[in-house]
1. Quick check: is even one residue across the range A:346-363 under 29 Å from B:Gly80 (Cα atoms), within 22 Å of the chain's Cα centre (by Cα) and in contact (Cβ under 8 Å) with a residue 60 or more places away in the chain?
2. State whether one or more residues within the range A:401-410 are more than 12 Å from chain B (Cβ to nearest Cβ), within 22 Å of the chain's Cα centre (by Cα) and crowded, with 24+ Cβ neighbours inside 10 Å.
3. For A:Met92, all conditions in the list (1) farther than 30 Å from A:Cys347 by Cβ; (2) modelled with pLDDT of 85 or more; (3) not charged (D, E, K, R) hold save one; what is the number of the exception?
4. Residue by residue through the range A:25-64, note down the ones that are in contact with a helix residue (DSSP H, G or I) (Cβ under 7 Å, 6 or more places away or on another chain) and among the acidic types (Asp, Glu).
5. Working only within the range A:73-99, note down all residues that are away from chain B (no Cβ under 12 Å) and either basic (Lys, Arg) or touching a Gly at 6+ places or on another chain (Cβ under 7 Å) (or both).
6. Please go through the range B:18-74 and pick out each residue that is aromatic (Phe, Trp, Tyr) and touching a Leu at 6+ places or on another chain (Cβ under 8 Å).
7. Inspect all residues belonging to the range B:135-143 and state whether any of them is modelled with pLDDT of 90 or more and either of a type outside the set (Val, Ile, Thr) or touching a helix residue (DSSP H, G or I) at 6+ places or on another chain (Cβ under 8 Å) (or both).
8. Do we find a residue being within 30 Å of A:Leu66 (Cβ to Cβ), buried (at least 23 other Cβ atoms within 10 Å of the Cβ) and away from chain A (no Cβ under 14 Å) anywhere in the range B:321-343?
There are 2 protein chains.
Amino acid sequence: MQPLSFQIQKKLPGALGRAGVLSTPHGEIQTPAFVVVGTKGTVKALAPEQVASLGAQVVLANTYHLYLQPGDTRVRDQGGLHRMMHWDKPTMTDSGGFQAFSLGAAFGSNVSKIAKGNDAAQNSEEVTGDELEEPAGKLAKIDEDGVTFRSHIDGSEHKFTPERSIEIQHNLGAEMIFAFDECTSAQASYEYQKEALGRTHRWAERSLAAHKANGDAAQKQGLLGIVQGGRFKDLREESARFLAGLCPPAGGFDGFGIGGSFDKEDMYTAVGWVNAILPEDKPRHLLGIGEPADLFGGVENGCDLFDCVAPTRMARNGTIHTANGRINIFNAKFLDDLGPIDDGCACYTCSPRHGGAGYTRAYLAHLFRAKEMFAGTLASIHNLHFIIKLVADIRQSILDGTFTDFKTSFLARYYRK
Amino acid sequence: MQPLSFQIQKKLPGALGRAGVLSTPHGEIQTPAFVVVGTKGTVKALAPEQVASLGAQVVLANTYHLYLQPGDTRVRDQGGLHRMMHWDKPTMTDSGGFQAFSLGAAFGSNVSKIAKGNDAAQNSEEVTGDELEEPAGKLAKIDEDGVTFRSHIDGSEHKFTPERSIEIQHNLGAEMIFAFDECTSAQASYEYQKEALGRTHRWAERSLAAHKANGDAAQKQGLLGIVQGGRFKDLREESARFLAGLCPPAGGFDGFGIGGSFDKEDMYTAVGWVNAILPEDKPRHLLGIGEPADLFGGVENGCDLFDCVAPTRMARNGTIHTANGRINIFNAKFLDDLGPIDDGCACYTCSPRHGGAGYTRAYLAHLFRAKEMFAGTLASIHNLHFIIKLVADIRQSILDGTFTDFKTSFLARYYRK
């Protein structure tokens with residue numbers, strides 16, 4: 001018995017996209033779905049009930065962070081991620097490799113990982129722009145066995161291997177876990193991408209073997225293999241074929257991740273190459289994507305799950321999604337704006353209560369300027385609800401046969417084109 | 001028609017304490033009651049629904065802070081404090097004088113207000129120990145007309161007078177507001193206390209006149225006069241008599257505040273002097289008190305309402321109330337403590353859910369070390385619930401005739417005497 005099962009409900013005509021249902025030991029996920037990031041076993045600024053109430057179906061925690069703090073065995077001893085954080089819907093953990101490179105590492109043995117604007121580091125919930133410009137002392141070494149890195153907390157040295165990553169993820173106990181991979185820079189050369197991809201594939205095999213060797217965990221947790229290959233078509237296709245080949249009918253990977261180290265403009269194309277090859281009956285998670293246009297592109301090209309820190313990180317910085325595009329709540333005009341954050345939005349922050357409207361833009365502008373924690377809470381609720389609902393609406397448009405119209409109208413209004 | 005009415009339900013035999021019900025335009029308050037502080041129009045780290053769910057009956061916001069940020073007219077334009085923050089139970093605002101002295105001020109024309117350990121400044125939600133040791137540039141001037149001070153935010157100069165304080169509090173719209181007073185240092189000389197007390201009494205008359213002059217506000221908002229006089233019996237009694245004298249049956253103050261500038265050891269005595277004189281049929285608010293022993297002492301000596309930033313400020317620093325005394329959650333042993341924060345506590349943080357226990361001490365210890373905002377939320381919920389329930393239990397013990405037994409057993413366990 002496999003821990004995950006995926007049923008397609010309807011496909012996009014002439015495209016790879018689909019609406020489906022992913023069944024897990026902690027309940028179903030209606031896909032496409034946006035996965036909320038709870039890096040350290042908490043969705044920043046929110047109680048789990050608030051996370052559930054805004055429509056979240058699944059939370060992703062970061063293996064790297066929980067391994068370092070409080071430690072994966074401490075999470076296990078608290079009953080695993082669900083019990084520790086009191087979240088009883090589905091969870092995922094990533095492999096830890098991504099953060100070991102981007103947070104623990106500046107320069108690998110032969111690959112530069114940190115640069116201003118680095119996609120990988122920018123997609124970490126814990127990194128600020130300032131930190132990105134200060135690579136001194138951040139070192140990670142990649143070898144055939146795994147990645148040696150220094151903790152961003154105390155500088156202590158640690159090593160992740162595929163076996164260790166899987167062991168840690170077994171301790172954390174999420175029902176969707178990822179194979180250990182090397183997430184390369186989008187700027188890396190063909191030669192380096194090819195070399196790294198070979199390593200990622202050997203690590204995929206080792207991750208799968210380590211997972212299956214723990215029969216108890218393999219019953220309860222599904223393992224997703226990660227497709228890499230950068231922006232190169234032959235490498236992406238090779239990676240998809242290789243991972244698909246590790247999925248015989250009786251076992252193998254329970255789904256796939258698609259690693260995000262390609263330039264934005266290549267993304268949809270690269271995702272399409274991959275999803276044309278991956279088995280249709282398993283879910284596909286596009287890692288680290290949360291921009292509205294990219295969510296449409298990802299769904300259209302066959303992806304079912306998306307995660308990104310952007311909605312919550314933007315929220316804590318005062319950048320708010322609205323149907324008419326983003327606003328920066330620090331703009332002085334909002335101090336006197338008595339309207340709701342986003343007219344027509346049904347989230348807790350925007351919805352009417354106590355005989356009045358929702359929280360006003362003026363109140364939110366005040367809370368942000370006053371550096372009140374509740375500012376981050378209200379904005380995070382709204383931004384997460386906005387993105388979760390967007391992906392749910394994309395799903396519904398597939399079921400209704402209105403995807404193209406919905407995409408056109410939403411993007412025109414959001415980007416004011 | 002008076003906006004507030006107070007009914008005594010039962011008195012403590014042989015003492016000044018009483019259990020009662022205070023009726024306001026936004027509902028009843030069962031007294032004695034602990035008032036939650038929401039300095040800037042938000043209880044730090046909590047949604048209003050969370051505040052209500054932990055048993056809070058009333059929230060106090062700070063006039064000084066809201067006047068500076070976002071501005072009292074902006075609060076008014078958002079429909080007042082209740083509508084702005086979506087809190088539909090009773091609210092209070094203080095007069096602003098306390099913070100104008102302690103945050104805006106270092107040295108008055110003839111009185112030193114800021115010193116390390118200054119009670120007034122320590123009771124402000126917004127001041128850290130570091131700030132207290134850096135009085136440079138903080139200046140307030142007291143004259144007969146009022147207090148001129150500099151904003152702690154941008155250094156701009158402002159003046160509060162009794163009339164201005166009342167006007168601001170009318171704009172904020174809480175149904176319990178306070179007369180403008182001078183909160184002296186506990187260390188001030190008899191001569192200075194006497195001089196300041198004269199000013200406080202003249203300001204009380206001016207506050208009352210300004211309040212009654214706005215008939216609409218006086219219908220909806222009750223004004224509490226503030227008793228001062230430091231640690232000196234004759235001054236305290238003079239103050240109580242003077243303010244009581246401003247309360248003819250047909251009007252005057254709707255209740256009283258008792259200013260906290262006395263040494264801890266003198267407090268209960270001084271409170272007793274005052275409450276033996278104040279009219280029995282009006283509520284009495286002991287300002288800035290939240291330590292368990294002091295709450296028993298305050299109730300026993302005739303106080304009905306208490307407010308303090310301590311429960312939430314302690315919470316954000318990781319100091320947690322338990323029935324067996326305080327714990328510092330940063331203690332390393334708590335990283336592996338799978339027990340609840342406070343065994344037997346029924347707050348959201350401690351109570352069982354999802355088939356398991358509440359949040360564990362281990363999880364809270366992790367969240368604090370990881371600097372997660374949810375740490376402050378969970379600890380604030382618990383500490384506020386603890387203190388609110390303590391005062392509610394004190395009330396019940398008066399009704400049940402078990403006050404002395406309850407006081408003895410609670411304090412013995414809490415202080416481990």
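1. Within the range A:346-363, one or more residues are under 29 Å from B:Gly80 (Cα atoms), within 22 Å of the chain's Cα centre (by Cα) and in contact (Cβ under 8 Å) with a residue 60 or more places away in the chain.
2. no
3. Failing condition for A:Met92: (1).
4. Those that are in contact with a helix residue (DSSP H, G or I) (Cβ under 7 Å, 6 or more places away or on another chain) and among the acidic types (Asp, Glu): none in the range A:25-64.
5. A:Pro90 - this is the single residue of the range A:73-99 that is away from chain B (no Cβ under 12 Å) and either basic (Lys, Arg) or touching a Gly at 6+ places or on another chain (Cβ under 7 Å) (or both).
6. B:Phe34, B:Tyr64
7. yes
8. Checked the range B:321-343: at least one residue is within 30 Å of A:Leu66 (Cβ to Cβ), buried (at least 23 other Cβ atoms within 10 Å of the Cβ) and away from chain A (no Cβ under 14 Å).
The values are calculated or read from the model by the stated rules, or taken from the named source; none is laboratory data. Since we're looking at a predicted model, the values are computed, not measured. Virtual Cβ from ideal backbone geometry, glycine too; neighbours counted across all protein chains shown.
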